[in-house]
Amino acid sequence: HAGADHRIVRRKLSAYQEVVEIRSSGRGLTNVTAQVQEVVARSGIATALCTVFIQHTSASLVIQENADPNVLRDLGDWISDLAPESRPWIHDDEGPDDMPAHARSAITKTSETIPVSGGRLALGTWQGLYVWEHRARPHTRKLVVHVAG
C-alpha cells in the first residue's frame, strides 16, 4: 500500500539433504519424527522448510495424532476397508497385499512439508510424522529429508 516502508533483506539460503532408512515392522504406522528432527538438527538451519519424501509406492507419509494409539489403529482399519486384500485385484505379483498397498499409497501422500522454527520441526503438540507401511511384511524404506531456508 502507499507509503509503506518496503525493505529488501537479502540473505544467503542454505539447503541440506540426507536419505534416512527406516525399517517398518509390517503393516502400520511408524513414528519417524525423531529421526527427521535429527536431520534438521544436523542441517544447522534454524528457519526453514523441511520436506520429507518417501521413495516407495507401497508405503506413504502422514502427519497424525501422536498421543492416542487408538487413532493409528482406527486409521489402519479404515484404510483396510477402503482397499481390502479380498478385492479381486489384477496386479498381485508380490502377493495379495501388493495392489492394496499401491491403492492405499495412492490415497495418502508421498511427501510432507513441515516448517522449521528455532531449529526444530514446528509440529503441533499432538502431531507426529509417520511412515505408513501398507505391506504385510517388514520393509526398509528410504526417506529423502530436505531442509531449505
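Report, to the nearest 10°, how far helix 33-43 tilts away from the longest principal axis of the Cα atoms in the chain, using its own Cα long axis and a range of 0 to 90°.
Once rounded, the angle reads 30 degrees.
Which FRET efficiency value, to the nearest 0.05, do you get for residue 23 and residue 107 by plugging their Cβ-Cβ distance into 1/(1 + (r/R0)^6) with R0 = 30 Å?
Computed FRET efficiency for residue 23 and residue 107 comes out at 0.80.
At a 1.4 Å probe radius, which order do 142, 12 fall into by accessible area, largest first?
12, 142
Just the number please: accessible area per residue for the chain, 1.4 Å probe, all protein chains included, in Å².
Per residue, the chain has an accessible area of 59 Å².
Between (i) 40, 21, 14; (ii) 35, 16, 15; (iii) 25, 16, 16, which entry matches semi-axes √(5λ) of the Cα gyration tensor in Å as derived from the coordinates of this structure?
Among (i) 40, 21, 14; (ii) 35, 16, 15; (iii) 25, 16, 16, the one derived from this structure is (ii).
Give, in nm to one decimal, the length gained when the segment between residue 123 and residue 85 is fully stretched (0.36 nm per residue of separation minus the Cα-Cα distance).
This chain segment gains 10.3 nm when fully extended.
Would you mind checking the tilt of helix 69-82 against the longest principal axis of the Cα atoms of the chain, expressed as 0 to 90 degrees and rounded to 10?
60
Within the chain, what whole-number % of the accessible surface is contributed by carbon and sulfur, with the 1.4 Å probe and all protein chains included in the calculation?
Numbers: 4570 of 8780 Å².
Reported share for carbon and sulfur atoms: 52 percent.
The values are calculated or read from the model by the stated rules, or taken from the named source; none is laboratory data. Because the structure is a prediction, the values reported are computed rather than measured. Neighbour counts run over all protein chains shown; Cβ positions are idealised from the backbone, glycine included. Heads up: the accessible areas ignore ligands, DNA and RNA and are worked out on the full protein's heavy atoms, side chains in. Shrake-Rupley method; radii C 1.70, N 1.55, O 1.52, S 1.80 Å.
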